[in-house]
Each structure stands twice: as C-alpha cells, then as structure tokens.
Amino acid sequence: MSILVPILATLAALFASFFLRVRLWQGTLATAIALAAGILLAATPPGAALVLGALFALPALLLNVVPLRRALVSKPLFAIYRTMTPTLSETEKVALEAGTVGWEGELFSGKPDFAKLESRPAPQLSAEEQAFLDGPVEDVCAMVDDWKVSHELADLTPETWEFLKRHRFFGMIIPKEYGGLGFSAYAHHAVLKKVASVSATLSSTIAVPNSLGPAELLLHYGTDEQKNHYLPRLARGEEIPCFALTSPWAGSDATSIPDYGIVCRGMHEGREVLGVRLTFDKRYITLAPVATVVGLAFRLHDPDRLLSDTVDRGITLALVPRNTPGLEIGRRHLPLNTPFQNGPVRGRDVFVPLSFLIGGERCIGHGWRMLVECLSVGRAISLPSSSAGFVKTAATTTGAYARIRKQFQMPIGRFEGVEEALARIGGHTYAIESLSRMTAHAVDLGEKPAVPSAIAKYHATETGREVVKDAMDVLAGKGVILGPRNWLGRMWQGAPISVTVEGANILTRSMIIFGQGAIRCHPYVLAELKAAELPDPVARIRAFDRLVFAHIGFAISNGVRALGLGLVHAGLGATPGDRYTARFYRRITRYSAALALVADTAMLTLGGKLKVKERLSARLGDVLSHLYIASAVLKRHADEGHPEAMRPFVAWALFDSVHRIQTALDDFLRNFPVRPVAWLLRALVFPLGLREKSPGDRLGHRVASLMLSPGEARARLSAGIFHGTGPGHWTGYLERALPKVIAAEPVERKLAKAIKSGTLANPDPERLLDDAVGAGVLTAAERELLAEVRRITLEVIAVDDFAHEELIAASALPSQPLRSAA
C-alpha cells in the first residue's frame, strides 16, 4: 500500500496534466509534487521511495533537457520517421499547401476552442445585396418556367439571357471597379440558393461564371492588361466564359491531362510572335456551347527551349477567344434532361500568343496551384448553395403536399411511415443549409476553405440526393409523371449531376476530405513534413525535435481525453450554448479527441499505406465532416438567437450527425487491420460501448408536424427560396393553399360525420355540398370553403398527360457515330 499510493498519485497527476494539456515543465512539476506527496502520505520506505524517484527522474530529465533529448531520442526517431513518411507527389503538395485552415483545424485539435466559433460574426447581407435579391433575383425567378426550359426549349429564353446580362448576374464576384457587382460570398450563396429553388438550369448558368473559371482566375492571377480587357466584358455579359479542364482521359485525375501546348512561333494578327500551339479534347464543359471565351488547362512543353532550359513546363492556363482559328465548340451534351449549356471543346494545332496565357509568362507551370486555390472558394459556394435551394424547395413543397393529400380521410403526413420520411427531409434540410451557409461565410472571413469546401460539396449534394429521394417517396405517382404539374421530377433526375461534378463524390469522400484534412488540419503533421525537408541538418533536428515531442504529447493527451470524456459520456465540462444545446458542444469535444487519437494512431501504424486504405480514410473523413456539420448547425442556431421553434430541427440534425460519427468510428475500428491496436483504440474511444442513438420517433414526429402546418418553423425552413405563383411555380401556390386546406379540415370532419350517420348520402360531390347546406350541416361559407379546397386539392394532386405527337422530339437526329478505334 505504501508503494501503491505514490504510484496512483503519479498516474492521477499525469492523467490530469495530459487531459488539461499543460506545458511539459508544468506537467513534470505537478507529477513530481504528486509523487512526493504520495510518498509522504503513505510513509513509503526510503528504498522504495528512492526507486520510485529514480524511475520518475530519468525520463523527466530526458524529456526536459532539450540537448540531451535531441541527441538520444530525436535523432533515432527522425531516422525511423523518414522510412515511414509517405512520399508526397508534387500534385499532393500543391493541394495541401493551397487554402487556409479555419474551424476544421480546431476539430482536429482534440480540444476545440468554441470561443473561436462564437467570435465569428453572423453573416449578413448589405442593403444593396438584399435589394438585388428582392428585385432582379425575384424577377428572373418569375421569368423561368422550368418545364418549358427543360422540355420545350432546352435552354433559358432569350429574354432570360438578356435579363441576366443586363443585371450583371455573371459579374457577382467581379469588383465594382471592373463593372461587376462586387458581392460578398454570402450574397453569392443567397442568390444561388434562390434561383436553384426554381431551376437547376438557371442556377448552373449563373453559378459557373461566378465559380472556378476565367473571372476568378483573372482576379487572382491575371495581368493588368487581361483584367482590364476581360473583366468589364464578363461583368456585362458581353463575354460568356467557360473553363475546359476535364478530358476523356483525365476526369478526377486532372493533373494527368493529355492536352498539351508546344511553345513555338506563329502568326497572330498578321505578324509572327512567340506563342503556343495547342492540341486538346475536353468534355462536360458547362457554358461551352454559348461561350465566347474558353479557359483552357493544358501541359506546356518547350522542346526548342524558346522560353527556358526546361522542356516540360507543367500545367498552364490560357484564355482562348471563340473565334480563334482551329477552336471547335462541339455539339451539346444533355445532362439528365437538365439542359444547361454543356458540351465538348476540341482543338488541334490551335496557335495562341503568349499574351493569352493567364498571368502571362510568370504563371507558366503554376496552373494546378491556381486551379486548386480557386476551386476551394468556388466549391465552397456553388454546389452547396444550389443544393440548399433545391432541398428547401423539396422540404417546403413535400410538407404542404403531405397535408393536402389525404388517404383514408387523413392527411398522408399523419401516417408514421410518411412522418419518418418528412423528419429526414426536415432535419437534413436544416443541416445542409447550415453547412452551405458556414462554408460560404468562411470565404467572406478571408479563408480559402479547402477542406470545408470538400465537406460541403460532398455532404450537401449527397444528402440532397437523399432528401429528394424521400420527397419522391412521399409524392409517389405524382412525382414520377413528368409535366408542368410536377415540381419534383426534374429535381430528382438532376440530383446525380451535382454528385459527379467538381470532384466525384466517391473520390471526395474516400481520398480528399480526410486525405487533405489529416495533414492540412493536423497541428503538427504538415509542419513535421516541412521540417524533414530542411536542408540544414542541425535546423532540421531542432525543428523535428520540437514538433515531434509536441505531437507525442498531443497524441497522449487525446487518448486521455477520449477515455475521460467517454467514461462520463461527454457529460461534463464548460461549453457555450443553452441548456438545450450544451450537450452537443460536449459531444463535439469528445469526438474531436477521438478523431485526433484514431487519426494519429492510423498514420503511425499504417504510415504510407493509409493513402490506399480508402475505406478507412473515408470513415475518418465522415467523422471530420459530421463534426463540422454539427458545428455549423450549432453556429447557425446561435446566430439566429436560439429560436425555440427550430429546436426539433436542430436536435434532429445534431443527433443524426453524432450517431453517424459513432457509426463511422465503429466501422473504422471493426475494419482496422492491426487488430491489437484496434482493440486498444476501442477501449479508449468507447469505454462504455456505443451509447449514441439516431433521432428518435418522438423527435421525428415533432419535426414532421412542424412541416405540415404554417408557422415560424415552416417560415424559417422555407426562407430564402422563391415563393411566386406564376406558371411552373408550385412552391408559392402550395404555401398559399395550405392555410385554406387546414381551415377546411374541421368542416370536412363535420361533413364526414353527417355522411356516416346517414344524414347525407348523395354520391355527387357538388350536390352533396348543396344537400349539406340544405340540411343545415354546413353554412354557405363553409360550403364555399370546401368547394375551393377541393379545387385546390385536385390541382395539387393532378398529373399531366400528353398526345403522342407532343412527346416526339422536334428533331430526331442520330447521335454521333463511334470514332474508329484506330
């Protein structure tokens, strides 16, 4: 007992030091004091006390005397480190160095500082931006009938195109000094969200010029001459841009593009100049069929060394006007009946002067870096914002439809099976909008959110597809019969498009989110990699020593914190939020420590092999993603003043994210190949087993009920989308119909009671209402209300039919023949 007490005191001091993350000397001092106190209190014999003291003093000296530590520990560790560290390709290095680290870095810390999250200002629109949303954006939404666009015209109307140009929709990101609107990223998000609620064709047409493309690239890298020439024209819509990156041979692996340019001399505007002869074959290029200027990515070669002694100059970007000889804009693609302008771009031996290279000669070979840096900004806004728009439309219309549509004399939204789908729709919609809002606002805060943009792109589009699937299940036959009365069918058809573009979702989840996050967001890994490459051996060991021991302490701390927080089920600790949300802040803290611990252990034990263990990487990416999504939900709820009406949506989204975090960690540990390590990690991460639950039935019922009735919750859920009632605009129609349908429900019950009692028996619906008035069952006003609601209901549940001739394409030309394999 006299030996056990000081040992336990020492262990307790070490546990507290690592849990609280005190400095090394502070932890050493605290542990020494605890050991001494334990020896004195237990009256440990001198011999045993001397042994305990020696066992403590030796490692304490080795760790705290830095020169000794470097010589005896860090040098051997560094040799081992060099053999374990995966070799990063130049492509990976560029991707890792691009962008900034924001809140996601805190989530990888194991101890997120929520004060940093709280200190972020709530996103707000300026008066000018709000006026644009209330004016031109509302007007263009009213102009677009998506059925005509997608079925009859296969394009926006000429009037819509002209309106977009006149009001400078294509220049939202272009500063006012060049004639653009100069809007914030949050305004950009709000515009795309609203137009996406009306038409995917409209949102894609607006998104592309304001995302990764010529304008964004010119703003960051263009020469003054290029900016002054192109940006005003792009802002006014005089130039329509597209950007050609994807080729038949290189999709997600964009750095392997076979398209090339050869530095040579050629004729341009009547004189011989130094330039590039381009050969390329691109596809899936949005706006290409109508583009007047094509952004192009290719690999530049200088075999005659006209520019430098280097032959392979790397990926380079150029702007090629449509009228350039040899440039071929191909016929249109048709992406799943969503007819935004999209098609191939080809060229062989297309000569352009060096002045057509974006950024001129100084940017030769920097194309991949330029693309990656701009992609993190565009990807943070375009697809997540558009997804938020269409899922909000799906949630708003499906909730109304589930109240209007009745079966067995009851709204279908009251059936538990439909309630389950509605709850998922409502909870996911709240989460998607929170996520897209936070990533867009991060751009306004000066971030280039490389990892959050990948999280937002993947989860907004993937979860958006699930929302539309649930909505289709609720609409059933109504949803599958295409026509002007179907507000969901084209949304369902087009959902896979956003899943595949800007990095296929499978790739994004399995390779990018954690692959970049583990190194980019980790407080030490990237710094260690850079330290290992320092040319001076002395400086290299000093930097490595400092970083690796901080990293070791970090890893042990996360193990201690994961265990400690797991034992109390994240039930202790000071956090922000009110009594309703504090528990979720604590869960984020707990699973942040678990993620950091598991990630460090996986990198240590698997080393470079972790790069190819894509399923393991994807699961850790899921953990990071849902920590970020839960943070976004909490941040939005706080920014909006913790509205009580939205608590069920907030709770559903948070329970769902936390449960998915647990599932991802459990799946990771069940499949981790080094089994003893997996067993140890499970003991630390889940000391009490799997305790998190998915959203319960009672919570789902509350969410679904709020979606079925007008009120603050429905108003907030549908805010920011178009509510017009013109041709093809069903959201506003359903919103205005819903109160009348609800007002008629007690009258319908009164009528049903009279029928059941035998007081009324006329099978003709109109005469039945007249008989009800005559019998005193209904008043004249009630009769008119029921008649109006029946007309509304019939209009809502009706589907379209067509003559055979209407379904035959106006032009039935054969597709292009297959090219010869030779």
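The values are calculated or read from the model by the stated rules, or taken from the named source; none is laboratory data. Just so you know, these numbers come straight off a predicted model, no measurement behind them. Glycine also receives a Cβ, built like all others from the backbone with ideal geometry; neighbour counts cover every protein chain displayed. When the accessible area is computed, the model is the full protein with side chains, heavy atoms only, and any ligands, DNA or RNA have been set aside. Shrake-Rupley method; radii C 1.70, N 1.55, O 1.52, S 1.80 Å.
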What pairs can you find where one residue is in segment 514-536 and within 20 Å of Val372 (Cβ to Cβ), the other is of a type in the set (S, T, N, Q) and at pLDDT below 80, and their Cβ atoms are less than 8 Å apart, with a gap of 6+ or different chains? Leu529/Thr85
Taking Leu156 as meeting all but one of (1) at pLDDT below 95; (2) not in a helix (DSSP H, G or I), write down the number of the exception. (1)
Number of the condition not met by Tyr186 [criteria: (1) touching a strand residue (DSSP E or B) at 6+ places or on another chain (Cβ under 9 Å); (2) of a type in the set (Ser, Thr, Tyr); (3) open to solvent by 10 Å² or more (accessible area, probe 1.4 Å)]: (1)
If Val137 meets every condition in (1) free of Cβ contacts under 8 Å to residues at least 60 places away in the same chain; (2) within 23 Å of Pro384 (Cα to Cα); (3) hydrophobic (A, V, I, L, M, F, W, C); (4) surrounded by fewer than 18 Cβ atoms within 10 Å (Cβ to Cβ) apart from one, which number is that one? (4)
Counting only residues that are touching a residue at least 12 places away in the same chain (Cβ under 8 Å) and part of a helix (DSSP H, G or I), segment 177-213 contains a total of 24
Return yes when Ser386 is assigned to a helix (DSSP H, G or I) and buried (at least 24 other Cβ atoms within 10 Å of the Cβ) and no when it is not. yes
Ile33 is checked against (1) closer than 30 Å to His626 by Cα; (2) modelled with pLDDT of 85 or more; (3) out of contact with any helix residue (DSSP H, G or I) (no Cβ under 6 Å at 6 or more places or on another chain) and fails just one. What number does that condition carry? (1)
If you scan segment 256-306, which residues turn out to be surrounded by 15 or more Cβ atoms within 10 Å (Cβ to Cβ) and not in a strand (DSSP E or B)? Ile257, Asp259, Leu287, Ala288, Pro289, Val290, Ala291, Thr292, Asp302
Can you tell me which residue in segment 10-20 is surrounded by the fewest Cβ atoms within 10 Å (Cβ to Cβ), limited to those that are in contact (Cβ under 8 Å) with a residue 12 or more places away in the chain and more than 10 Å from Val560 (Cα to Cα)? Ala12
Has segment 486-503 got any residue that is open to solvent by less than 30 Å² (accessible area, probe 1.4 Å) and of a type in the set (Phe, Trp, Tyr)? no
Just for helices (runs of 4 or more DSSP H) wholly inside segment 98-152: which have at least 1 residues that are over 30 Å from Arg490 (Cβ atoms) and of a type outside the set (A, V, I, L, M)? 103-107, 114-119, 127-132
Could we say that Val451 is in contact with an Asp or Glu (Cβ under 8 Å, 6 or more places away or on another chain), in a helix (DSSP H, G or I) and surrounded by 24 or more Cβ atoms within 10 Å (Cβ to Cβ) here? yes
Output yes when any residue across segment 232-253 is open to solvent by less than 30 Å² (accessible area, probe 1.4 Å), farther than 21 Å from Leu192 by Cβ, touching a helix residue (DSSP H, G or I) at 6+ places or on another chain (Cβ under 9 Å) and of a type in the set (A, V, I, L, M), and no when none is. yes
I'm trying to understand the selection: among the residues of segment 33-52, which are surrounded by 14 or more Cβ atoms within 10 Å (Cβ to Cβ) and within 10 Å of Pro6 (Cα to Cα)? Ala34, Leu35, Ala36, Ala37, Gly38, Ile39, Ala42, Thr44, Ala49, Leu52
Whichever residue in segment 241-289 is of a type in the set (Val, Ile, Thr) and out of contact with any Cys (no Cβ under 8 Å at 6 or more places or on another chain) and, among such residues, is nearest to Lys165 (Cα to Cα): Thr246
Residues in segment 313-328: is at least one open to solvent by 40 Å² or more (accessible area, probe 1.4 Å), in contact with a helix residue (DSSP H, G or I) (Cβ under 9 Å, 6 or more places away or on another chain) and more than 27 Å from Gly182 (Cβ to Cβ)? no
Mind telling me which of the residues Arg465, Arg414 ends up being of a type in the set (Lys, Arg), within 22 Å of Arg647 (Cβ to Cβ), surrounded by fewer than 24 Cβ atoms within 10 Å (Cβ to Cβ) and out of contact with any strand residue (DSSP E or B) (no Cβ under 7 Å at 6 or more places or on another chain)? Arg414
When segment 763-788 is examined, which residues are found to be surrounded by fewer than 17 Cβ atoms within 10 Å (Cβ to Cβ), hydrophobic (A, V, I, L, M, F, W, C) and not in a helix (DSSP H, G or I)? Ala775
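If I ask for residues that are out of contact with any Phe, Trp or Tyr (no Cβ under 7 Å at 6 or more places or on another chain) and either without any contact (Cβ under 8 Å) to a residue 24 or more places away in the chain or open to solvent by 30 Å² or more (accessible area, probe 1.4 Å) (or both), which ones from segment 117-134 would you list?
Of everything in segment 117-134, those that are out of contact with any Phe, Trp or Tyr (no Cβ under 7 Å at 6 or more places or on another chain) and either without any contact (Cβ under 8 Å) to a residue 24 or more places away in the chain or open to solvent by 30 Å² or more (accessible area, probe 1.4 Å) (or both) turn out to be Glu118, Ser119, Arg120, Pro121, Ala122, Gln124, Ser126, Ala127, Glu128, Gln130, Ala131, Asp134.
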Only one residue in Val598, Val568 is loosely packed, with under 15 Cβ neighbours inside 10 Å and under 21 Å from His659 (Cβ atoms), so which one is that? Val568
